[in-house]
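The values are calculated or read from the model by the stated rules, or taken from the named source; none is laboratory data. If you're wondering where the values come from, they're calculated on a predicted model, not measured in any experiment. Don't worry about glycine lacking a Cβ; one is built from the backbone with ideal geometry, like all the others, and counts go over all protein chains shown. Please note that ligands, DNA and RNA were not included when accessible areas were found on the heavy atoms of the full protein model with its side chains. Shrake-Rupley method; radii C 1.70, N 1.55, O 1.52, S 1.80 Å.
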Amino acid sequence: LIGVTSFFRDPEYFDVLKDTVIRQILQDAPKEKQIRVWVAGCSTGEEAYSIAILFNEVMETLKRKRDIKIFATDLDSEAISTAGKGVYGDNIADAVSTARLSRYFTRRNNTYTVNRDIRKMIVFSPHNVFQDPPFGRLDLISCRNMLIYFQPVLQNDLFAIFHTSLKDGGYLFLGKSEAIGAYTEAFPVVDA
């Protein structure tokens, strides 16, 4: 298990996610429908919290409140336990802006704790993407820097799982070292 993660990893990717994808999801979502997101391979939770923060920021900008549910999963139960607590060392200040730290975190001694409003958007759980049932009717799947550790056969299996898990018009957010390969028709590129 590789637990390499950080808040807003590859910031330019998160900027595109916020301005293009999350904005579109929130603009298109009916008030009564829950917006569903799956962060597969979430490790200790930084990516899931980053996405929750982006949804919150766009909702504030658009002045729209929506029910957001983020399912953040990983095979590593210890990483999931850490993620659920939402407590991180003060080194996150290198990746999280001062404005976001003051808005979405509470500082205690040498740690930052994610605020309750953001934490309650996320359900962390242990999950094996190949053996456990996938989530369904999803607006967004984030699977960043996990596919690169799988052989092509497993990558293809995972793309098939993601394709059936996303609702029509849903988005798949990959890491910069990953590509959709043979699934270009199933996943047309919004932004490379």
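Descriptive notes on the structure:
- Lys, Arg +1 and Asp, Glu -1 on Cβ, resulting dipole of the range 20-128 about Cα centre, debye, nearest 20: 640 debye
- Under-5 Å amide H pairs with F173, H placed in peptide plane, nonlocal only: I141, S142, C143
- Hz values of 3J(HN,Hα) by residue in the range 112-124 - Karplus curve (6.51, -1.76, 1.60), Gly and Pro given as x: 10, 10, 5, 5, 4, 4, 7, 4, 6, 7, 10, 10, 9
- Shown in residue order for the range 6-23 are the 3J(HN,Hα) couplings computed by the Karplus curve 6.51 cos²θ - 1.76 cosθ + 1.60 at θ = phi - 60°: 6, 5, 6, 4, 6, x, 5, 5, 5, 4, 5, 4, 5, 6, 9, 7, 5, 4 Hz (x for Gly and Pro).
- With all protein chains in place and ligands, DNA and RNA left out, the 1.4 Å accessible area ranks S81, S177 as S177, S81, largest first.
- For the chain, the antiparallel share of DSSP beta bridges with both residues in that region comes to about 25%.
- The chain - mean residue ellipticity at 222 nm from DSSP helices (-39,500 (n - 2.57) per run, n ≥ 4, rounded to 500): -9500 deg cm²/dmol
- Between F105 and N115, the built amide H atoms are under 5 Å apart, and every one of these is 5 or more places off in sequence or on another chain.
- Over 19 Å apart at the Cα level, from the set K69/K120; K85/K120; K33/K63; K31/K167; K120/K167; K18/K176, are K120/K167.
- Shape call, the range 36-124: gyration tensor on alpha carbons, a/c limit 1.5: oblate
- For the range 167-181, putting each phi into the Karplus relation 6.51 cos²θ - 1.76 cosθ + 1.60 with θ = phi - 60° gives couplings of 7, 4, x, x, 10, 10, 10, 10, x, 6, 9, 10, 9, 7, x Hz, in residue order, rounded to whole numbers and with x for Gly and Pro.
- Close amide H pairs (under 5 Å, H built 1.01 Å from N) link L166 with L138, residues at least 5 positions away or on another chain.
- Stretching the chain fully between Y183 and Q27 yields a gain of 53.5 nm (0.36 nm per residue, less the alpha carbon separation).
- Note on K85: accessible area approximately 130 square angstrom, rounded to 10, probe 1.4 Å, nucleic acids and ligands left out.
- Distant alpha-carbon pairs in the chain (separation over 27 angstrom), percent: 24 percent
- Pairwise centroid distance, computed over Cα atoms, of the range 126-192 with the range 64-78, Å: 16 Å
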